[in-house]
Structure formats: structure tokens, C-alpha cells
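Read the structure below first, then the notes.
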Amino acid sequence: MVRIEDFNRILATKKIGDQINITIIRNLEKQKLSITLENGWEKTQKVMLELGLKVKPVTKENLWGIVVIDITKNSKAEKYGINKHDIILGINRSYFKNLKEFSEITSHVNLEKEIYLLVMRKDDHNDYITVTKQIGEQTGKKEEKKKTTHR
């Protein structure tokens, strides 16, 4: 049995079109599922691994985005000040409400260029963070923005 914490790492090794067989427990009953990976997931995982982020969807009512649950030591995410529990609201000025939209947006991210992240912090203010191609290239730029509500 695979822990949910390891699921993203396992998926990152798969390719689009690969079929994954999983067993879930729902309403105290085991259910077997066969999942075929669709376009976008592979690129999403590559982007997250490149940045050093482990993320999951936000589960709070009236809030959307992707919450950072872990950061790889010495990664770009750590270098540019992304913190555990930050909520990523947008990438490259595109906003998303769920994991599917997040995957669609990250499938178009060019890792050879700067990546702009809109991040909500614990204290309810938002930062725009610029992550550059090379870790030593330049310092991440932060632009503080007052809390905004996106619906």
C-alpha cells in the first residue's frame, strides 16, 4: 500500500497515457480504479520538481489555489522565499481554482524563462515572486500586494 504522501512522487515517474491501477477506500469499502494520465500532469510534476515544491489542492471553503505542503532543501522554492503553507493562487498571471486548472496552466510553463507566482501568505497578504531559470542568476523579486479576493 502506498501512502498518499508518496503518490505525487510516484506519478512524477509516469508518462502521459500510462495507466495506473489503484485501490481506494471510500465509505469503508475498497474500490479498484484504473486511471490513465492525461496531458498536463507530466509537465506539472516536472515544474513542481524543478521548483522543489510538493503541493496539494486547498481544502478550505471559499478559498482556492494550491497549498505548499513541502519544500525541497536548497531548491529554487526555498531560495526565493516560498514557504510551507503558502497558497499559490496563480502562475505567470494565470489563476486557477482547482488541480485540473493548475495542471493546464503549468503544462504551458516554460522552465527556460522566469516563472511568476502569486502567493498568499499566512498573514493574508499576497506576494508576487519571480523565480529565475538558474538559482545563481539573480535574487527573486518580490512585489507585495494587498489581499485580493479572486472568485
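The values are calculated or read from the model by the stated rules, or taken from the named source; none is laboratory data. Fair warning: this is a prediction, and the values are worked out from it, not measured in the lab. Cβ atoms come from the backbone with ideal geometry, glycine included; neighbour counts cover every protein chain shown.
Only residues that are assigned to a helix (DSSP H, G or I) and either in contact (Cβ under 8 Å) with a residue 40 or more places away in the chain or more than 22 Å from R121 (Cα to Cα) (or both): list them for region 100-110, please. K100, F102, S103, E104, T106 - these are the residues of region 100-110 that are assigned to a helix (DSSP H, G or I) and either in contact (Cβ under 8 Å) with a residue 40 or more places away in the chain or more than 22 Å from R121 (Cα to Cα) (or both).
Of the residues making up region 77-116, those that are surrounded by fewer than 17 Cβ atoms within 10 Å (Cβ to Cβ) and among the aliphatic types (A, V, I, L, M) number 2.
Considering region 4-88, the qualifying helices (runs of 4 or more DSSP H), each wholly inside and each with 1 or more residues that are within 24 Å of Y128 (Cβ to Cβ) and modelled with pLDDT of 80 or more, run over 41-51, 76-79. Looking at region 71-99, which of its residues are closer than 20 Å to T59 by Cβ and free of Cβ contacts under 8 Å to residues at least 24 places away in the same chain? I71, K84 - these are the residues of region 71-99 that are closer than 20 Å to T59 by Cβ and free of Cβ contacts under 8 Å to residues at least 24 places away in the same chain.
Scanning region 126-146 for residues that are touching a strand residue (DSSP E or B) at 6+ places or on another chain (Cβ under 6 Å) and either modelled with pLDDT of 50 or more or part of a loop (DSSP other than H, G, I, E, B) (or both) gives N126, D127, Y128, I129, T130, V131, G140, K141.
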